[in-house]
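Encoded as structure tokens, the structure appears first; notes follow it.
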Amino acid sequence: TFVHTPELGRLEALTRCAVGVDETGTIAFVQENCQDYKKYTLDFTKLSQEQVRFVDVSDSEVKFFVPGFIDTHIHAPQFPNNGIFGDSTLMDWLEKYTFPLESSFKDVSLATEIYNKVVDRTLSNGTTAAAYYATIHAEATNLLADVALTRGQRALIGKVCMNQNSPDHYIETFEESKQSQLEVIRHVEARDPTGTLVSPVLTPRFAPSCTENLMEWLGELRKSRNYHCQTHLSENKREIEVAHELFPDYDSYTDIYHKSGLLGPKTILAHCIHLSDHEKDLLAQTGSGVSHCPTSNSSITSGEARIRWLLNSNVKVSLGTDCSGGFTPSVLQVAKHALLVSNHLVMKSENDFEKLSTSDVLYLATVGGAEVLNMDVKLGKFQVGYKFDTQLIQLDCDNSPVDTFAFQNPRWGQVDRKESIDKFQDLIDKWIFNGDDRNVRQVFVNGRSVLQKN
Ligand code: GUN
Ligand code: FE
């Protein structure tokens, strides 16, 4: 069974389905209700039995493939701080918890240890693609690219650029920032020349920590080679005040990035909580994407992003764990938090339209992520021409956190419901609210098995 969300809010379950994947990791066929998948495959591909490898995973009623999660905002070096934020809010959290930890990534052996753990942990939570922030250090950032490539995870690798309003122990000059940015681009592009798995992403931390000339230089670089770009936008009220104080000549916080040349169809903006109508329109016009980080926004008391409002204005939206503003590397947990935060918006505004369903948040975690990352390959659906980036979920595995007695509910035994979408809607809801990484049995990226649990 393959379950995905081809459109926002629409869950589709493909049952007794055979999916063929070619040697480039691309889906070659999707055949539903396949009686004899081996015969179908050989007929379709005109290959011999020896040229095809068959994998049959239909040994449980509650086992299904879903597209791999796409985490569009995650700080790899901040992992050791997951769960540790006290009662801080953004600006004091950065000073107290974040900058001291990131600063220690000058030490490459520390970076090696942490970055291996990070990629291991995100993969085992079903994250097949991630937009990573590293630190200001070129050497450690290059290492993160190497780890993602070696482990087979799709990744955008961002060397953080920051040359003002930062502590003495964690700041770079404009010149240093440029040099290390170019060094990281050279390294990442040399390791994966086609950019199939890893590619660089320009990463001005956020306007308060970057000078105008640094952002403009990055804007020029972005346009010259059509690079990805990522930064933070409108996360916290104090942060917005600081941005206005530092950049008084701009119309808005969003306008700072716009005039610096940083917005575009390959730009990822994390948070976007306190935007004006005009700022929201700028995002839609430039094709920039949003990374919604509800776990982080609730933890460090940043606010509730209006996701339906963004979606209704044709702004691309995806999900980000934002470790360690957020406390979990699991996009599944973040999807659940996205749903709960949308319910809080409904309770506050009594405006039902804000509500996000489980199908909506699964879409944001997969197809939405693919739209926001906007890579050269197609991701997030089980359709011909898409990459086979997927996770195999089993709800009745050993130690499953999902109560399996639910599957003995009389409804489940009814023949007419058995293969219907209702059954899979229930399964997906169970998984989103009660599941965790124990339910992820196997992970594939680009058609290759990158993680298997026994
Ligand atoms: N704004 C600037 N830097 C950061 C960061 O590391 N995390 C979050 N959540 N917001 C930021
Ligand atoms: Fe962040």
Requested in this report: Starting from the Kirkwood radius over alpha-carbon pairs of the range 254-335, derive D by Stokes-Einstein at 20 °C in a medium of 1.002 mPa s and give it in µm² s⁻¹.
Outcome: 166
Requested in this report: Under 18 Å from a label point 7 Å along Cα→Cβ of Arg53: give me every residue in the range 1-30 with its amide N that close.
Outcome: 19-29
Report summary line: A student applying the Cα gyration tensor rule (rounded when a/c is under 1.5; otherwise prolate if a/b is larger than b/c, oblate if not) would label the range 97-202 oblate
**Report entry** Net lengthening on full extension, Ala284/Phe44 (0.36 nm per residue, minus Cα-Cα)
**Finding:** 82.2 nm
Requested in this report: Once you have the Cα-Cα distance between Glu12 and Gln164, take 0.36 nm times their residue separation minus that, and quote the gain in nm to one decimal.
Outcome: 49.9 nm
Query raised in the report: Out of Ala138, Tyr37, Leu246, whose Cα points farthest toward the positive end of the dipole of the chain (charges: +1 Lys, Arg; -1 Asp, Glu; placed on Cβ)?
Result: Tyr37
Report summary line: For the range 162-213, one quarter of the surface area of the C-alpha convex hull, expressed in nm², comes to 4.2
Query - Under 21 Å from Lys223, Cα to Cα: lysines that are on another chain or at least 8 residues apart - result: Lys159, Lys178, Lys259, Lys266, Lys316
Report summary line: Here the membrane-span-like helices of the chain, with no claim about any membrane, defined by DSSP H, Cα axial extent at least 15 Å and mean Kyte-Doolittle at least -1.0, are 108-124, 138-151, 174-191, 331-349, 421-434
Report task. Could you check how many percent of all C-alpha pairs in the range 198-243 are farther apart than 15 Å? Result -> 47
Report task. Would you work out the relative contact order for the chain, in percent, from Cα pairs under 8 angstrom that are 6 or more residues apart? Result -> 20
Query raised in the report: Suppose every K and R has +1 on its Cβ and every D and E has -1 on its Cβ; what is the size of the dipole of the range 69-373 about the Cα centre, in Debye to the nearest 20?
Result: 900
Report task. Would you kindly give the portion of the calculated P(r) for the range 335-409 that falls above 17 Å, as a percent of all Cα pairs? Result -> 64
Query raised in the report: What fraction, in whole percent, of alpha-carbon pairs in the range 69-373 exceed 28 Å separation?
Result: 30
Query raised in the report: Which residue, chosen from Thr127, Thr98, Gly326, occupies the Cα position most advanced towards the positive end of the dipole of the chain, where the dipole is computed from +1 (Lys, Arg) and -1 (Asp, Glu) charges on Cβ about the Cα centre?
Result: Thr127
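No lab work stands behind these numbers, since they all come straight from the coordinates. Here the structure is a predicted model, which means the values were calculated and not measured. Please note: Cβ atoms are built from the backbone with ideal geometry, for glycine as well, and neighbour counts cover all protein chains shown.
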